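Worksheet for the structure shown next.
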Amino acid sequence: MASRQAPLCGLVPHCLWLLGVILLMDVSARPANHSSARERAGNKDEREILPPDHLNGVKLEMDGHLNKDFHQEVFLGKDMDGFEEDAEPRRSRRKLMVIFSKVDVNTDRRISAKEMQHWIMEKTAEHFREAIEESKVHFRAVDPDGDGRVSWDEYKVKFLVSKGHNEQEVVEKIKNGEELKVDEETQEVLENLKDRWYQADNPPSDLLLTEDEFLSFLHPEHSRGMLKFMVKEIVRDLDQDGDKRLSLPEFISLPVGTVENQQGQDIDDSWVRDRKKEFEELIDANHDGIVTMAELEDYMDPMNEYNALNEAKQMIAIADENQNHHLEPEEVLKYSEFFTGSKLMDYARNVHEEF
C-alpha cells in the first residue's frame with residue numbers, strides 16, 4: 001500500500017481523527033458453514049493433502065457454488081479470525097475502524113472505489129502468501145524421502161492412509177501392482193485427483209510434482225493453466241446441454257434435492273437470487289446471456305484488477321446509504337455483517353455515543 005504523506009499542518013486533525021478511531025467501536029464470527037474445532041482436528045491429516053473445496057479470495061467454490069465468505073475475505077484478509085462471536089463489541093468496532101483507516105489511504109474518512117480496489121488486491125495477495133506457506137508444509141508431509149519431488153503413488157499412499165488404510169499394506173500393494181480395495185466414492189475421488197495431478201505436472205511431464213507444481217495442485221488459482229482446468233471442471237458440472245458454455249438457467253439451477261418446508265424454500269430462493277445477480281452483473285461480461293469459459297476464467301482469476309474494481313464498486317454500493325459512491329465509517333459499521341460476517345449490537349446507540 002502506498003505510504004501516507006501529509007503536510008505538517010494537517011497532522012493535528014488527522015491524529016485527532018485516528019485517536020477517535022482507536023477509541024471507537026463490535027463484530028463477530030465468520031458465517032456458519034465452517035467445521036467445529038473438533039471436526040477440523042479430526043480431519044487434519046486429510047485436509048493437509050487434499051485440495052481444498054474452498055479457496056480464500058476466489059469467487060466460486062470448487063463445486064461451482066458461490067463463495068459466501070468472499071467479501072469478508074477480501075476486506076479482512078487474515079484478520080477474519082479476529083472477529084469471534086464472543087468478542088467484546090467495543091473492541092470489535094475498534095478493529096473494524098482500524099481496518100477502515102488502512103483502506104482510506106488519503107485519510108479523507110471516505111473509502112473510494114480505487115482505494116477499495118487496491119485493498120482487495122492487497123488482501124488477495126495476502127491469501128496467496130498464506131496458501132504458499134501452507135502448501136510448503138503439506139508438501140513435506142507427502143514427500144517422505146525429501147527429494148523435492150512427489151510421485152502420484154507417494155501421494156496416493158498418503159491419501160489412502162488419511163482414509164483409514166494401513167500404510168504398509170498400501171505401499172506393498174502399489175509396489176507389487178496389486179489391486180487396492182477401496183469404496184466407490186474413494187475411487188471416484190482418486191480418479192479426479194489423478195486428473196488434477198497430471199494437469200499440475202508442467203511440461204515436460206515426468207509425473208512428479210515439484211513444490212511449485214504441488215502448489216498448483218492444491219491451489220489452482222496460483223496457476224493460469226490450473227485455473228483453466230478448474231473452470232473446465234465447473235462448466236462440466238453445471239453445463240446441461242453439453243455446449244461447454246453456461247446459460248443463466250444452467251447457472252441458477254438448484255442443487256439436486258427437494259424443498260421440504262417454507263424455510264428451505266426461502267433458502268433456495270435466496271440462493272437463486274444471489275446466483276442470478278452474480279451471473280448478470282459480474283460473470284457475463286458482454287451481457288449476451290451466455291458465459292463462456294474465457295469469461296468464467298476472468299471472473300475466477302483472483303488477481304484480475306478489472307474484476308477487483310467491479311467488486312469494489314459493488315461492495316461500496318451495498319452500504320452507500322447517502323449515494324456519494326464512497327464508504328464512510330458510519331456506513332461500514334451499520335453494514336458490518338456484510339464486511340465481517342456479524343452485526344454490531346445496539347448499532348444506533350453506539351453510533352450516537354461514538355460519533
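The values are calculated or read from the model by the stated rules, or taken from the named source; none is laboratory data. These numbers come from a predicted model, not from an experiment. With ideal geometry, Cβ positions are generated from the backbone for all residues, glycine too; neighbour counts draw on all protein chains shown. Heavy atoms of the whole protein, side chains included, go into the accessibility calculation; ligands, DNA and RNA do not. Shrake-Rupley method; radii C 1.70, N 1.55, O 1.52, S 1.80 Å.
Here are the numbers:
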read-out	value
Qualifying position, being more than 17 Å from the chain's Cα centre (by Cα), among the charged types (D, E, K, R) and in the same structural domain as Ile120 (by the TED database), among Glu311, Glu295	Glu295
Selection within the range 288-302 - at pLDDT below 95 and part of a loop (DSSP other than H, G, I, E, B)	Asp301, Pro302
Residues satisfying the stated conditions in the range 206-223, i.e. in contact with a helix residue (DSSP H, G or I) (Cβ under 8 Å, 6 or more places away or on another chain), among the hydrophobic types (A, V, I, L, M, F, W, C) and surrounded by fewer than 21 Cβ atoms within 10 Å (Cβ to Cβ)	Leu207
The lone exception for Glu305 - which of (1) over 27 Å from His118 (Cα atoms); (2) open to solvent by 40 Å² or more (accessible area, probe 1.4 Å); (3) modelled with pLDDT under 95 it fails	(1)
Any hit, the range 163-182, residues being closer than 21 Å to Leu218 by Cα, under 27 Å from the mean Cα position of the chain (by Cα) and either hydrophobic (A, V, I, L, M, F, W, C) or open to solvent by less than 50 Å² (accessible area, probe 1.4 Å) (or both)	no
Selected residue [modelled with pLDDT under 90, within 15 Å of Leu50 (Cα to Cα) and either outside the structural domain of Phe70 (by the TED database) or part of a helix (DSSP H, G or I) (or both)] from Ala141, Ala131	Ala141
Candidates Asp63, Asp81, Asp108, filtered to the one that is part of a helix (DSSP H, G or I) and open to solvent by 10 Å² or more (accessible area, probe 1.4 Å)	Asp81
Residue in the range 308-327 that is open to solvent by 60 Å² or more (accessible area, probe 1.4 Å), modelled with pLDDT under 90 and in contact with a helix residue (DSSP H, G or I) (Cβ under 8 Å, 6 or more places away or on another chain) present	no
Ile99 being open to solvent by less than 20 Å² (accessible area, probe 1.4 Å), of a type outside the set (Gly, Ala, Ser) and within 26 Å of Lys59 (Cβ to Cβ)	yes
Condition met for Leu180 (aliphatic (A, V, I, L, M) and assigned to a loop (DSSP other than H, G, I, E, B))	yes
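Residue-by-condition table, conditions (1) open to solvent by 40 Å² or more (accessible area, probe 1.4 Å); (2) touching a Leu at 6+ places or on another chain (Cβ under 6 Å); (3) part of a helix (DSSP H, G or I); (4) over 17 Å from Asp301 (Cα atoms):
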residue: Arg196; (1), (2), (3), (4): no, no, yes, yes
residue: Asn202; (1), (2), (3), (4): yes, no, no, yes
residue: Gly225; (1), (2), (3), (4): yes, no, yes, no
residue: Lys228; (1), (2), (3), (4): yes, no, yes, no
